[in-house]
Amino acid sequence: MTSEHSHENELLLKTVQSFLEAEIYPHEEEVDRTGEVPIELGRQIEARSKEVGLFASNLPEAVGGGGLDYKAMSLVEREYGKTTHALHSWIARPTEILLACKGDQIARYLDPCVTGEKRELFALTEPEAGSDVMGMKTNAKKDGDDWILNGSKHFISGPVMPDFAIVFAATGTDETSRGPRKRVTAFLVDVGLPGFECKEGHKCVSYRGYKTFQLSFDNVRLGPDQILGEEGRGLELSGQWLGMGRIWVGASCCGKVERMMDMATEWAATRKQFGKPIGQFQATGFRLADMAIGLRTADLLVADAVRRADEGHMEDRDAAMVKVYCSELLNRVADDTVQIFGGMGLMEELPIQRLWRDSRLERIWDGTSEIQRHIVTRSILRPLGA
């Protein structure tokens, strides 16, 4: 890291680092090899993260969470980025949009997620509506006071079979200055409801053991109390979560960059060819220099976005810049690390090949690099009417 931290944040960092050393790192290789996190191991990580105060640390103390501000959370996510989602996701950070729960929803959904009694999925992506959210086909139609939900979602990620999903569905159409626009609503949908099937989906070579789920809805009846927030305001809710989610992706990418850079540096200093350490050759040394410059820049981008968020004026383009820069830096560093290690970089005996595989997903989920650039471009041109 490039900046100084408060005493409280230094203690938090030490807690996270010690936890990862004791509870996470020892299991990385086995989880990647088998593609599974044994449920007993997951529950153990979950329980011990509660003991040290890391579970639900992102949510306010008022609802039972850890109450960490964005600055502290960025440090935590940066450390988590050094390992695999398959393991660190058991240290739950429930989605902040659950704070929109009201009335009986608090006891049914928010509280159990804070305590770990329930797990949720954030279900937005569809087979034909990934980057194009407005291509969403999942819909809910009014039937008296109830809603009838139909459609499907895929590539919905989580560590374990959920208890409920936050499902985004089209509930009508609004006329806007830019033409008709789908009205999207968020619903709280319990696993086990008639017509709702939730099953494990495709297996990804990045973050092996971190599950993807496929959700399908066939005339699922939902009461009016299953709407999260307000009808037609679902995209606003998702935007609140996706914005900070992209910052956390950026922070985690910085952590992974640091881990690989440390390994590449040690290898370059000790591996000898032609009678001297390979780091003394410009072809290798310059790669290390570019890694260091890139990491410093990425950390500063994250810190700037976090400051803006803590001050309440972070914009979509701030998060987009962080996401695209940090994820693409990570992929360059991952590739350069493999190159520095040579053939050994692709051998199963070393973690380089796993980190290389894991890195590739970061440019895709939470909005592809192309979508992030589109967000930035739009922020530049729209003030000029273009």
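Observations on the model:
- Filtered by the rule that a residue be hydroxyl-bearing (Ser, Thr, Tyr) and within 26 Å of the chain's Cα centre (by Cα), the range 173-224 gives Thr185, Ser206, Tyr207, Tyr210, Thr212, Ser216.
- Enumeration of residues in the range 123-143 that are within 11 Å of Phe155 (Cβ to Cβ) and either in contact (Cβ under 8 Å) with a residue 60 or more places away in the chain or surrounded by fewer than 18 Cβ atoms within 10 Å (Cβ to Cβ) (or both): Ala123, Leu124, Pro127, Gly130
- Residue in the range 188-197 that is without any contact (Cβ under 8 Å) to a residue 24 or more places away in the chain and in a strand (DSSP E or B) present: yes
- Ser57 at pLDDT below 95 and assigned to a loop (DSSP other than H, G, I, E, B): no
- Residue within the range 171-181 that is more than 19 Å from Trp90 (Cα to Cα) and modelled with pLDDT of 95 or more present: yes
- The residues in the range 152-175 that are in contact (Cβ under 8 Å) with a residue 24 or more places away in the chain, closer than 14 Å to Met134 by Cβ and not aliphatic (A, V, I, L, M) can be counted, and the count is 4.
- Residue among Ala56, Ala72, Ala86 that is surrounded by 20 or more Cβ atoms within 10 Å (Cβ to Cβ), on the phi > 0 side of the Ramachandran plot and not assigned by TED's automatic domain parsing to the domain that holds Met244: Ala56
- Out of Arg108, Arg93, Arg183, sole residue that is assigned to a strand (DSSP E or B), out of contact with any Cys (no Cβ under 7 Å at 6 or more places or on another chain), among the basic types (Lys, Arg) and closer than 21 Å to Ser238 by Cα: Arg183
- Helices (runs of 4 or more DSSP H) (entirely within the range 303-386) containing at least 2 residues that are of a type in the set (S, T, N, Q), more than 30 Å from Gly285 (Cβ to Cβ) and touching a helix residue (DSSP H, G or I) at 6+ places or on another chain (Cβ under 8 Å): 369-381
- Test: Val31 is not assigned by TED's automatic domain parsing to the domain that holds Thr212 and not in a helix (DSSP H, G or I): no
The values are calculated or read from the model by the stated rules, or taken from the named source; none is laboratory data. The structure presented is a predicted model; accordingly, all values stated were derived computationally and were not measured. Note: ideal-geometry Cβ built from the backbone for every residue, glycine included; neighbour counts use all protein chains shown.
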